[in-house]
Amino acid sequence: MNILIVDDEIDQLETLRRGLRSRGYEVREATSAEEGLNILHSQSSEIDLVLTDYWMRGINGLQFLQAIRQRFGNFPVIMMSGYIQKSTLDSALNHDCDCFLEKPFTLERLTAEIDRALHYQALPVHRNDDCFEDTKKNSMADGKGRRNVR
């Protein structure tokens, strides 16, 4: 299983890389959405899933997701962020994001969502709505539709 991780925070990339490799995943990395698109363009047949941060310099995670949908169709994408607004979740959902994880999350949760995203990818309706519902419940904790968990 090959995963492309896209995050402009080097520490986050390293942590995710180590964790996913310890679970047997092959990992490729990009420090920007632009770099991620270049990797997908040249290696899309070798990548099974994209894990991307939402807040990045340049192209953000939602714009990256839109570019993936336009160029590669229904490619499995999991988005993550430490700061989530309801509008962000709604936009990700409207652009067929497979899952949106709120940071911090455990390696167990991440690998479970990777497995679910790949499972749902094989089905006619492939989005994992359970992932969105869990994230919505957690991010609405302050009653304003946002939560900063950095």
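What do you reckon, is Val149 modelled with pLDDT under 70 and either farther than 25 Å from Ser22 by Cβ or basic (Lys, Arg) (or both)? No. Picking from residues in the stretch 23-60 that are in contact with a helix residue (DSSP H, G or I) (Cβ under 8 Å, 6 or more places away or on another chain) and assigned to a helix (DSSP H, G or I), the one that is surrounded by the fewest Cβ atoms within 10 Å (Cβ to Cβ) is His41.
Going by what's in this entry, would Leu37 be described as touching a Cys at 6+ places or on another chain (Cβ under 9 Å) and under 25 Å from Asn94 (Cα atoms)? Here the answer is no, as Leu37 does not meet what is asked.
Under the condition of being surrounded by 16 or more Cβ atoms within 10 Å (Cβ to Cβ) and either touching a Ser or Thr at 6+ places or on another chain (Cβ under 8 Å) or more than 17 Å from Val77 (Cβ to Cβ) (or both), the residues counted in the stretch 5-18 number 6.
The values are calculated or read from the model by the stated rules, or taken from the named source; none is laboratory data. Please read all numbers here as calculations on a predicted model, not as lab measurements. For neighbour counting, all protein chains shown are included, and Cβ atoms are generated from backbone atoms with ideal geometry for every residue, glycine included.
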